[in-house]
Amino acid sequence: MSGQLDSGDVARWRRDWNAMMHHYQPGRDDLLVAIVAAVEELHGRAPERVLDIGGGPGATAEVMLRRWPDADVTVLDIDPVLLALAEVALPQVRAVRGDLGSAQWLTSTDGPYDVVLALMTVHYLSEDRVRDWYAEVRQLLRPGGVLLVADVMRDPATEVVRRSATGPDPWTVWWRALADVPPMASMLRARAAALTGLGSAEFVAPVDWHRRTAQRAGLTDARLLLQRAEHALMAFHRPVERR
Ligand SMILES: C[S@@+](CC[C@H](N)C(=O)[O-])C[C@H]1O[C@@H](n2cnc3c(N)ncnc32)[C@H](O)[C@@H]1O
């Protein structure tokens, strides 16, 4: 499917994706810098194997590869169109389809990984699924491996004052722009059929909830690496078991 896409279009869509994500995730550049620094500090060296969960068109994967060109990077996502963009732009990346809606996604992976990332992905899942997801990620991490989670983390009861917006939101604008290019139109139809009934749970919990939940799932050393407004970046470790 991705073979029909023009690499110039793909480059433009991925650039626009980053701009669009900056809208939803203010401070995204600082976050990516913090992720790279945290991996090098916590892992102690360049990672050999990285899994980006809900990695979309591979924006984070690209940053990882720029920093660690020899790393074996896998992007896992449910969205066939986003995976196709990652495949065209980053042929060295393994782009795999998986649905985090159940533990079945683990069969699309081949751990262990040194680093697992999830940026703006866990809020798509229900609270129960996020709980199980932490335990599932633990299974995939090498002992001593690092999990980085960036998402909206706040008390769900906190009222958030939103700026009033006119016109369609940037997410909708980005998806509409893709439909203007003929080979993409058929891919978008296939996507719509493949993702029928799927949506975001818009799950939000405070930093402490993530800390406790990850701990119960057997992950340790929870650290809050960055917090900007309602966005947070957290790191966790799979401990090395000593006999
Ligand atoms: C807001 S985007 C963030 C993408 C990427 N992490 C980034 O920061 O550029 C959320 C991603 O999660 C993926 N996603 C949502 N629900 C999913 C599910 N059930 N299984 C796998 N991926 C999912 C979406 O397809 C999308 O690529």
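Table for the structure above
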item: Cα-centred dipole magnitude for the chain, charges only on beta-carbon of K, R (+1) and D, E (-1), debye, nearest 20; result: 280
item: Within a Gaussian network of the chain (alpha carbon springs, distance under 10 Å), most fluctuating of Thr166, Thr121, Thr213; result: Thr166
item: HN-Hα J in Hz across segment 165-174 - Karplus 6.51, -1.76, 1.60, θ = phi - 60°, x for Gly and Pro; result: 10, 10, x, x, 6, x, 4, 5, 4, 4
item: Choice from Thr74, Thr220, Thr196 showing the highest fluctuation, given a GNM over the chain with Cα pairs closer than 10 Å; result: Thr196
item: Integer Hz, Karplus 6.51/-1.76/1.60 couplings in order for segment 121-134, x for Gly and Pro; result: 10, 5, 5, 6, 9, 6, 4, 4, 5, 5, 4, 5, 4, 4
item: Relative contact order [Cα under 8 Å, 6+ residues apart], the chain, whole percent; result: 21
item: Extension gain, Ser200 back to Thr107 (0.36 nm per residue minus Cα-Cα distance, nm); result: 31.3 nm
item: Residue with peak Gaussian network fluctuation, the chain [Cα springs, cutoff 10 Å], from Leu42, Leu32, Leu100; result: Leu42
item: Amide hydrogen neighbours beyond the local backbone of Asp72, cut-off 5 Å, H modeled; result: Arg49, Val50
item: At most 16 other Cβ within 10 Å, DSSP loop - trypsin sites (Lys or Arg not before Pro), segment 1-99; result: Arg45
item: Segment 135-228, relative contact order [Cα under 8 Å, separation at least 6], %; result: 45
item: With every protein chain in place, the chain: carbon and sulfur % of accessible area (1.4 Å); result: 50
item: Where labels lie 7 Å past Cα in the beta-carbon direction, separation of Trp175 and Arg242 in nm; result: 5.1
item: Antiparallel %, DSSP beta bridges [both residues in segment 87-243], to 5; result: 65
item: Gly145 long-range amide H proximity, modeled H, under 5 Å; result: Arg238
item: Per residue accessible area of segment 14-132, 1.4 Å probe, in Å²; result: 40
item: Hz values of 3J(HN,Hα) by residue in segment 57-71 - Karplus curve (6.51, -1.76, 1.60), Gly and Pro given as x; result: x, x, 4, 6, 4, 5, 4, 4, 5, 4, 7, 10, x, 8, 5
item: Amide hydrogen neighbours beyond the local backbone of Tyr113, cut-off 5 Å, H modeled; result: Leu141, Arg142
item: Theoretical gain in end-to-end length, Asp6 to Leu224 [0.36 nm per residue, Cα-Cα removed]; result: 74.5 nm
item: Separation between Cα centres of segment 164-243 and segment 127-147, rounded to whole Å; result: 15
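The values are calculated or read from the model by the stated rules, or taken from the named source; none is laboratory data. Predicted model, so just to flag it, every value in this text is computed and none were measured. A quick note on method: Cβ atoms are made from the backbone with ideal geometry, for glycine too, and the neighbour counts reach across all protein chains shown. Heads up: the accessible areas ignore ligands, DNA and RNA and are worked out on the full protein's heavy atoms, side chains in. Shrake-Rupley method; radii C 1.70, N 1.55, O 1.52, S 1.80 Å.
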